[in-house]
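Structure, as structure tokens:
The values are calculated or read from the model by the stated rules, or taken from the named source; none is laboratory data. Every value quoted in this text rests on a predicted model; they were computed, and no experiment measured them. Positions of Cβ are backbone-derived with ideal geometry, glycine not excepted, and every protein chain shown enters the neighbour counts. Note: accessible area is taken over every heavy atom of the protein model, side chains too, but ligands, DNA and RNA are not part of it. Shrake-Rupley method; radii C 1.70, N 1.55, O 1.52, S 1.80 Å.
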Amino acid sequence: MNDVVEWLKENGNLKVIDEPLDVELEIPHIAYIEVKKNDSRPILFTKPINRAKNIEYDMPVLMNIFANKELTQKIFAKHPDRVAEGIDKLLKLKPPKGFIEKLKMIPELFALKNVFPKRLKATGECQEVIVAKKDIDLDKLPILKTWEEDGGPFITMGQVYTQSLDGNMQNLGMYRLQQYDKNHLGMHWQIHKDASHFFDQYQKAGKKMPVTVAIGGDPLYIWCGQAPMPHGMFEMLLYGFVRGKNAQLVKSISNDIYIPRDVDIVIEGFVDPTKMEIEGPFGDHTGYYTLEEPYPIMEIETITMKKTPVFQATVVGKPPLEDKYMGWATERIFLPMLKPMAPDLIDYYMPENGVFHNLILGKMKTLYKGHAQQFMHAFWGVGQMSFVKHAIFVNEDAPELEDDSAITEYILNRLDPSKILITQGIIDALDHTANETLVGGKLGIDATDIEVENGVEEPIKDSELLSKMQSLDNNILELKQYFTHTKNPICMITVNKTDSMKITIEKLKELKAHIKVLIIVDKTNNDIDEPYMLLWRVVNNIDAGRDIILEPFITVDGTNKSKVDGFNREWPGDTFCTKETLDNLQKRGLIDIDEAFIKKFGLLPFD
Ligand SMILES: Cc1cc2nc3c(=O)[nH]c(=O)nc-3n(C[C@H](O)[C@H](O)[C@H](O)COP(=O)(O)O)c2cc1C
């Protein structure tokens, strides 16, 4: 990481902050704000402290390494599309016919020799310092507490290395890790993830599970940790493929797990499968808190590190954040891997305000009736794609998927209730909207066909439509129509919700001549003029099976749910910055933001 810091100074416009700053809220808030800027930069905090615990740490904190697309590309040393092309070639390899074809294949096959990680006999630079069990104290690491309501400090860029019970499969996953005390960490591997599958094996066998957590080293390690590799494939293979050199691994001191030799900090230990601990709450990348739930815990045996380690961390919360850029690379690189199951897929895009699993747009060469539906089922059935809640498919003649305005227009001109599929399936463990955990509504929109014929029967102005609505239901507070030039304009309203929106929708049915698509959000903490955050809110807040009605016009209920909606789980709150901390950082000149910025990204609750 020290090399990375030097490299970032030259290549990444690294910002270095030498002022003492608290690991609780201050450092995370600065990084959170920085990465929302158009010209966001990585930051090195050289003097992390913890005022409450009276600690001055002896290692710096490096954040926002994936601060923007340009830097992400530099970390890969090539555009992610070039990596994708390499994978595509490999997937299409055919047995060569004749000598000349064999010769042509040599460079590709030669490149494969770099893929397999090497297990070294020697120890690594990451083991220069060894902390014995009796001396272990996680308080010596500058572990961040990001949000006021977080259940404690969390390691947010931990590379979690595990292996199957028989030792044949290895895995690297990026999971957050809650610090409980001096020597225990919470293992937040969600139920669908590889480490959780290994954990099940150890639990059944009644054996302790070895785990090693690494921090730092080549930034590509952590990217590989979040990459959705198929079950059973070690992410270090992908590392070797991207870097064009084998990952060099050394054995942990106290267990059999291998980790990269050049990481900065290594935390080794065992998980006792008979013990679970309450994990969370934690302000997550959905922009909501994930609530308390039991997760396995690791007892630490040994910590090893370099002589001068750097502590790498990230912040998750409302988009856009560092995971936007990590996710962008993932999206590009995994395109060829989707093609074997959906060969006519041309491209796909997961906008960051859809927080990845809440929205995917796919462009396809449509060959037959039902083709888009076939893709929906394929996506919902495979690996981590199956978490996607809302999938929209467009035809090959559609504009660029990343052109938000043009693509929305295209979709709205083709939106037809008879081409909307609402079904059920597995959902991300972080989803908060379904009536029960892990299974919930799925929405698929087939917008691959020609434009629909009819638009709004009798279009009227916002003010007129609002007063008509208010005469039917006085809980409706604001109204704004978007994309009125399309066949299916979106009528957005905010409400002061006192009862189920089904009652309101029933009352509004008589206005069907004026409405094609109605979207409802709470007035609280939503700005009707901010489509970026409105999209974030709505795709986060709905369970399609419960919250979408197709007749007489399409209605989407994006309000927070409670008992009045038949929802009996706890509804989590938004991740908000702490006002006092923001004010203080602003006064000290460490951040420079105005009211518009605060409102745009929902940094503080609305008055
Ligand atoms: C910033 C960030 C934080 C993440 N935190 C978690 C987490 O706490 N738990 C989890 O299961 N997945 C988390 N993920 C997603 C996993 O890293 C991702 O699903 C990965 O592919 C899992 O690897 P696996 O399939 O080998 O288990 C996170 C991803 C990112 C980018």
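If you check T366 against the conditions, is it in contact with an Asp or Glu (Cβ under 9 Å, 6 or more places away or on another chain), away from the ligand (no atom under 16 Å from the Cβ) and not small (G, A, S)?
yes
Among the candidates I265, I257, single out the residue that is more than 11 Å from the ligand (Cβ to nearest atom), touching a helix residue (DSSP H, G or I) at 6+ places or on another chain (Cβ under 8 Å), open to solvent by less than 30 Å² (accessible area, probe 1.4 Å) and under 29 Å from A329 (Cα atoms).
The conditions single out I265.
Between A111, A67, A84, which is in contact with a Ser or Thr (Cβ under 9 Å, 6 or more places away or on another chain) and surrounded by 12 or more Cβ atoms within 10 Å (Cβ to Cβ)?
Matching residue, one of A111, A67, A84: A67.
What are the residue pairs meeting all of these: first residue in the stretch 412-437, first residue closer than 20 Å to T575 by Cα, second residue among the basic types (K, R), Cβ atoms under 7 Å, and 6 or more apart or on different chains?
T433/K561
Inside the stretch 274-283, can you point out the residues that are open to solvent by less than 10 Å² (accessible area, probe 1.4 Å) and either away from the ligand (no atom under 15 Å from the Cβ) or assigned to a loop (DSSP other than H, G, I, E, B) (or both)?
Correct list: G280 only.
Hey, can you tell me all the residues within the stretch 3-56 that are acidic (D, E) and farther than 30 Å from K599 by Cα?
D3, E6, E10, E56
With the condition kept exactly as written, say whether any residue in the stretch 471-484 is under 33 Å from the mean Cα position of the chain (by Cα) and part of a loop (DSSP other than H, G, I, E, B).
Checking the stretch 471-484: at least one residue is under 33 Å from the mean Cα position of the chain (by Cα) and part of a loop (DSSP other than H, G, I, E, B).
Residue-by-condition table, conditions (1) in a loop (DSSP other than H, G, I, E, B); (2) away from the ligand (no atom under 15 Å from the Cβ); (3) under 26 Å from H197 (Cα atoms):
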residue	(1), (2), (3)
F241	no, yes, yes
V271	no, no, yes
Y325	no, no, no
M337	no, no, yes
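Against the condition open to solvent by less than 20 Å² (accessible area, probe 1.4 Å), under 16 Å from the mean Cα position of the chain (by Cα), of a type outside the set (V, I, T) and more than 16 Å from the ligand (Cβ to nearest atom), how does L345 come out, does it pass?
So L345 does not fit the description; no.
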